[in-house]
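Comments concern the structure below.
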Amino acid sequence: MTPTSPAASLSAEGSARPQPTGAQHRWPRRWPADAALAQEFAQELPQEPAQEFAQAVEPATLVDLFEAAVRNHAERPAWASFGASLPFREIADHARAIASGLQRIGVKKGERIAILSPNVMASAPILFGALTGGFSAVIVDTQAPPDVLARQLNSSGARVVFALETCAHAIYAALEELEVLERAIIVAAGDLIGWRGALVNFSTRFVKRRVKPYTLPATLPFGGFVEWGAGQAPKPAGVERDDLALIRFADAQSSAPIEMTHAQAARAVGECAAWLSARLPAGAPGAIACGLPATTRTGLLLPLAAWHLGALNAALMDGGDPVELTKALTFAPADVLALDAAHYERLAAWAPAREPLKRVSLFLSESEPEPETARKWSQAFNRPIEPEDD
C-alpha cells in the first residue's frame, strides 16, 4: 500500500464508521456483519503445565513470550478492566484478529504501528497483535501536545495508529503536520469488556466528558476492525530476534525514539519477570496494577513481565483517578502497584482506597515521591513507595 498524504487520507468529512473513503484508501468495500461473532477465530490453545520462571528457557522474541504464556495459562485471567476480565486465550484470539486485519489492509512486515492509548482492556491485544503480525509497535505519549505528537508519529514512520477516543482530538489537532500516517483505528475505553463497555463508554463520553470533538474520516472503530480481522487467520510473520519490536518516546516533549529489538525486549522482560516473581505470592499467579504510561520503562516492562509469569494485569486507564483505582483494586486485588509519584499524593487523601491498598505488598513509582507523601504512606501501610528510575 503506497503511503498517501495526510490531506488525502485523514482530512475529508466523514464518520468513524467502517466505510470506503476514496480510491486512495484500500479499505474493504464491505464489512461482514457476522465476520467474527458467528465463528471461532482460532482453535482453543492446549494447556500445558506452568513452569517456574527459573526453569523456563528465555524466549527468543516477544512473540515467543506471548505464545508461551497463552499455552501455559490459557484459561487463567490475564487482563482486568472496569470490572471485567479476559483470559489469556481470548487475548490471543483478539491479538491474532488484529494481526490479520493489519496484514489485510496492506501493512508489511517491519512497518510501524503506533499505539496512542493508556492502559485499557484493548491494550494487550493491540500490542501483541502488532508484534504477531511482524510489525514494530510504537508507544506514543498520550500527554504529548499536538506539535510533539506530530514529530513522534513522523519520526517513528507509523502508517497506522490505534488511538483511544480520548486521544483522537490530538491527532486531529496535529493533522496538518502529519507526513506518514494513513489510518486511525479508534478504540473506546469499554471495548472488549462486554455489556459493561456500554456503561464505561457512556460515562467516558457524557459524564466525565473525556472525549473531545474531532473529525478523522479515514478511521475504523476498533470493534469492527477486530471482527473483520477475525474472519481470516494471520499469515506467519517469521519474526526473528534482530527484528525491531518496540519504539517508545520517553516523555511528552521527546521526538527521539528509544528502540528495542525482539531479543533485547525479551531479555529485558525476562529480567523484570525474575525480579517480579520474587515479589508475588508463592504458589499463586499474583496480580499487578500499573498506572504508569507505557512510554516509561517500568510502565512498558512490568505488564509484559506479569504476562510472562501468568499474573493478572489490572488495567488502570487513569492512575490519577482515585475512584477508578479503588474500584479496580477492589475487583482485582493487586500485589504490586505502580503509579506516578503525583498519583500517590492524590491517593493518600482518598480514604476509601485504604482497604484495597492493604493487600498491596509493593508500591512502585517512576520518581521519588514528595517527603511528606512518602512519610504518610509509610505510616499508613508500613511499606514505602519505592522509586523506579527509567
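The values are calculated or read from the model by the stated rules, or taken from the named source; none is laboratory data. All figures in this text were calculated on a predicted structure; none of them were measured in a lab. Reconstructed Cβ throughout: ideal geometry from the backbone, glycine too, with neighbour counts over all protein chains shown.
Below are the figures for this structure:
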read-out: Any hit, the stretch 313-336, residues being more than 19 Å from V70 (Cβ to Cβ), of a type outside the set (A, V, I, L, M) and modelled with pLDDT of 95 or more; value: yes
read-out: Failed item in (1) more than 17 Å from the chain's Cα centre (by Cα); (2) within 23 Å of A374 (Cβ to Cβ), with K327 passing the rest; value: (2)
read-out: Filter result (more than 18 Å from the chain's Cα centre (by Cα) and at pLDDT below 95) within the stretch 54-93; value: A54, Q55, A56, V57, E58, P59, A60
read-out: Complete set of residues in the stretch 83-120 that are in the same structural domain as F135 (by TED's automatic domain parsing) and part of a loop (DSSP other than H, G, I, E, B); value: I105, G106, V107, K108, K109, G110, E111, S117, P118, N119, V120
read-out: Close pairs from the stretch 211-238: first in contact (Cβ under 8 Å) with a residue 60 or more places away in the chain, partner in a loop (DSSP other than H, G, I, E, B) and acidic (D, E), Cβ under 6 Å, at least 6 apart; value: F222/D191
read-out: The stretch 68-82 - residue that is assigned to a strand (DSSP E or B) and of a type outside the set (A, V, I, L, M) and, of those, farthest from L329 (Cα to Cα); value: P77
read-out: Some residue of the stretch 290-300 being at pLDDT below 95, outside the structural domain of L325 (by TED's automatic domain parsing) and not β-branched (V, I, T); value: no
